[in-house]
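Only one structure is covered here, and it is reproduced in the block below.
The numbers here are math on the coordinates, done by the rules we state, and not lab data. Source: prediction; values computed, not measured. Neighbour counts run over all protein chains shown; Cβ positions are idealised from the backbone, glycine included.
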Amino acid sequence: MKRTIFIPTDFSEASLGLVAHTLLLAGDDEIEIVLTHCFFLSDSIVELLFFDKEELFKSLKSAQFDNAFRTLRNKHSRAKVKFRWEIFTGFNLAAFKNFVSGNRITEAVMPQPYFPLTDTTGNFDPTPYVRRSRLPVTVVAHYATLIA
């Protein structure tokens with residue numbers, strides 16, 4: 001059975017510790033990891049008209065993050081592990097449930113405690129939504145130290 005796993009990311013190298021932890025526990029399972037950045041969109045009509053998800057990702061990812069992700073990615077079979085980048089911009093549980101349903105997410109991996117490591121304005125903590133969504137959750141303590 002294919003598992004689709006929600007993992008929040010702030011595009012710091014340390015946030016990849018959650019991915020590394022998930023891959024270690026996955027074994028031979030076929031999984032799809034949905035790396036999700038939780039972000040409040042602007043209310044500006046002009047900014048919304050010209051909003052581009054890929055441009056947002058490019059602006060948030062550093063060269064160090066890309067290198068660390070590529071290294072992690074190359075260690076695992078592309079047939080067994082797929083990665084996808086998404087952005088969640090909702091304001092309530094119903095929006096999160098629609099996001100989960102639309103992306104066919106079956107479980108979540110969350111850091112404990114949650115703290116964004118980057119200082120980008122507009123980020124928000126998805127923990128309350130994940131907790132109330134009733135997804136099966138794996139909690140990873142001190143995830144920043146996992147990427148050694």
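Amide hydrogen proximity for K82: with H placed 1.01 Å from N in the peptide plane, the residues at 5 or more positions away or on another chain lying under 5 Å are I31, E32, I33. Comparing F40, F91, F50 in a Gaussian network model of the chain (Cα springs below 10 Å), the most mobile by mean-square fluctuation is F50. Arranged from fewest to most other beta-carbon atoms within 10 Å of their beta carbon, L48, L25, L60 become L48, L25, L60.
Computed per residue of the chain from DSSP H runs no shorter than four, each worth -39500 (n - 2.57), the mean residue ellipticity at 222 nm is -10000 deg cm²/dmol.
When each of M1, M110 is scored by the number of other beta-carbon atoms lying within 10 Å, the sequence from fewest to most is M1, M110.
Extents of the range 61-105, largest first, come to 36, 27, 9 Å (Cα atoms, principal axes, whole angstrom). Sequentially through the range 69-84, phi angles give Karplus couplings (6.51, -1.76, 1.60; θ = phi - 60°) of 5, 4, 4, 4, 5, 6, 7, 10, 4, 5, 6, 9, 10, 10, 10, 9 Hz, Gly and Pro residues having no value and appearing as x.
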